[in-house]
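K.L.:
Let me begin by handing over the structure; questions about it come next.
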Amino acid sequence: MRILQKFQIDCDPDAAWRALHSPRAVAELYGPLLDVQPLSPPPTAWEPGQDAAVGLFALGIVPLGRQLIAVSDRVVEAKDGQVRIFRDSGSPLTGPLATLDVWDHQMAISPVPGAPGRTLWRERLVIGGRTAPALWPVLWTMWQWRGARIRALAPTWAHDPEA
């Protein structure tokens, strides 16, 4: 089962790429409905090949389980420019999501043709297993919230480059 999103955001692709690699920026995407807390000191930025475990809490207090985040990156050349893909191929470790057999979350960013300073954000979450049909509506709803948060927070991701 899949959850797909595609929309434009108000920041340049470099800023979106930095945000995808920032544990703090990614955690903000779920707030305040879901609190993502690192189980060990988080890195400043996730690097390919790096794994991290996080705890998930509804409204910051109700434990929902732990999740392993396993990071990989790739770049694809397309006719409209470079597409950078961040993949989390980790898995839920405990809680209701741990009943899923498949968890594959990919986020792709690329420039919007003819619109400097804007980014095309595409996201795909693939889940599978016996409980996937029951969990899909909950995850779909969370992903709609997440998409709205991405659009709202994206303008804050830009910063002035160093001289």
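The values are calculated or read from the model by the stated rules, or taken from the named source; none is laboratory data. Just so you know, these numbers come straight off a predicted model, no measurement behind them. Cβ: placed from backbone, ideal geometry, glycine included. Neighbour counts: every protein chain shown.
K.L.:
Which pairs do you get when a residue that is free of Cβ contacts under 8 Å to residues at least 40 places away in the same chain, found in the stretch 129-153, comes within reach of a residue that is β-branched (Val, Ile, Thr), reach meaning Cβ atoms under 8 angstrom, with the pair 6+ apart or on two chains?
P.N.:
Taking only residues 6 or more apart or on different chains, the pairs are Gly129/Thr99; Gly129/Val102; Arg130/Thr99; Thr131/Thr99; Leu135/Thr99; Leu135/Ile127.
For every residue, the table says whether it meets (1) of a type in the set (Val, Ile, Thr); (2) under 16 Å from the mean Cα position of the chain (by Cα); (3) more than 19 Å from Trp103 (Cβ to Cβ).
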position: Gln5; (1), (2), (3): no, yes, no
position: Gln8; (1), (2), (3): no, yes, yes
position: Asp14; (1), (2), (3): no, yes, yes
position: Val26; (1), (2), (3): yes, yes, no
position: Trp46; (1), (2), (3): no, yes, no
position: Ala52; (1), (2), (3): no, yes, no
position: Ile61; (1), (2), (3): yes, no, yes
position: Leu68; (1), (2), (3): no, yes, no
position: Val75; (1), (2), (3): yes, no, yes
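K.L.:
Could you go through the stretch 7-21 and let me know if any residue there is outside any strand (DSSP E or B) and aromatic (Phe, Trp, Tyr).
P.N.:
yes
K.L.:
Applying the selection to the stretch 105-127, what residues are surrounded by 15 or more Cβ atoms within 10 Å (Cβ to Cβ), among the small types (Gly, Ala, Ser) and free of Cβ contacts under 8 Å to residues at least 40 places away in the same chain?
P.N.:
Selection gives Ala108 alone.
K.L.:
Does Leu4 satisfy being at pLDDT below 95 and either exposed (fewer than 13 other Cβ atoms within 10 Å of the Cβ) or assigned to a strand (DSSP E or B) (or both)?
P.N.:
No; evaluated as a whole, the condition is false for this residue.
K.L.:
Name the residues in the stretch 31-43 that are crowded, with 16+ Cβ neighbours inside 10 Å and either in a loop (DSSP other than H, G, I, E, B) or touching a residue at least 60 places away in the same chain (Cβ under 8 Å) (or both), would you?
P.N.:
Passing the criteria: Leu34, Pro42.
K.L.:
Just for the stretch 77-95: of the residues that are farther than 17 Å from Ala19 by Cβ and within 13 Å of the chain's Cα centre (by Cα), which one is surrounded by the most Cβ atoms within 10 Å (Cβ to Cβ)?
P.N.:
Looking at the filtered set, the residue picked out is Gly90.
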